[in-house]
Amino acid sequence: MTGRVVVVGLGPGGPDLVTEGTLAAVARIARRYLRTARHPAAAVGPDAATFDELYERAATFEAVYLGIVDALAAAAAAHGEVLYAVPGSPAVAERTVVILRADPRVEVEVLPALSFVDLAWARLGVDPMAASVRIVAGRSFAVAAAGGRGPLLVAQVDDRLVLSGVE
C-alpha cells in the first residue's frame, strides 16, 4: 500500500497568511512534519516533527531534501497519511515537493498557499506580468541573470556567500 503525503504551505509570514485549507488539513491529519520550525507560522502545526537536524548534519541541500523525502515516505507507509508543511507555497521553489511528486513510494496531494512572490509583488506594487519580471535563485544568479535585461527578483539568498555572488 502506498502512503499519502499532504503538502501544505505556511505562507510567507505569520499565521495570518496561512490559508483555511492548510488549517483544515493540519486539524484533520494527526501525524505532522515541518520542513523547518524556523518560520513565523510554524506554530500552526502543533506537535509536528521537524527536519531541522538534517540541515545541521547533511553535507548539501540536496542530501537534506532526499533525507526529508525518505523520512516522509517511511512515515506515510507506516501511518497511511502524513502532513508535510513547508515555508511559503509548496508550488514555488520547493525542491522537496518536486522530489516527493516523482517518488513512486507515495501519493502526494499539494494544497495551494500564498508564496513569497505574491507578498513581494503586493509590497512592491508591481504587476510581474506587466513588468515582465524574471525570478532568479540567488545560488544560480551568475548564470540565470547573465545577458538578461529588465527587472528581476532574486530569491533564496539564504547566506552571506550567496549574497556576495549577487551583483
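How high is the relative contact order of the chain? Use alpha-carbon pairs under 8 Å, at least six apart in sequence, and give a whole percent. Relative contact order, the chain: 28 percent.
Return the loop-located trypsin sites (Lys or Arg not before Pro) in segment 86-151 (DSSP other than H, G, I, E, B) with at most 13 other Cβ atoms within 10 Å of their own Cβ; answer none if there are none. Qualifying residues, ordered by number: ARG149.
Other residues with beta-carbon under 12 Å from the beta-carbon of GLY13 carry, at +1 per Lys or Arg and -1 per Asp or Glu, a net charge of -1.
Convex hull over the Cα atoms of the chain, averaged projected area in nm²? Result: a mean projected hull area of 10.7 nm².
Considering only MET129, PRO12, ALA71, and ranking their Cα positions along the charge dipole of the chain that arises from unit charges at the beta-carbon of Lys, Arg, Asp and Glu, the one farthest toward the positive end is MET129.
Karplus-based coupling profile of segment 126-134, in residue order and whole Hz: 10, 8, x, 6, 5, 8, 6, 6, 9, with θ = phi - 60° in 6.51 cos²θ - 1.76 cosθ + 1.60 and x standing for Gly or Pro. For VAL108, the residues whose amide H sits under 5 Å from its own are VAL5, ignoring neighbours fewer than 5 places away on the same chain, with H placed 1.01 Å from N. How much of the DSSP beta bridge set in the chain is antiparallel, as a percent to the nearest 5? That works out to approximately 5 percent antiparallel.
Can you give me the span-like helices of the chain, meaning DSSP H runs with 20 Å or more of Cα extent along the axis and Kyte-Doolittle mean at or above -1.0?
61-79
Read the figures in this text as sums done on the coordinates, not as results from a lab. Note that the structure is a prediction, hence the values are computed from the model and not measured. When we count neighbours, we look across all protein chains shown, and the Cβ atoms used for this are built from the backbone with ideal geometry, even at glycine.
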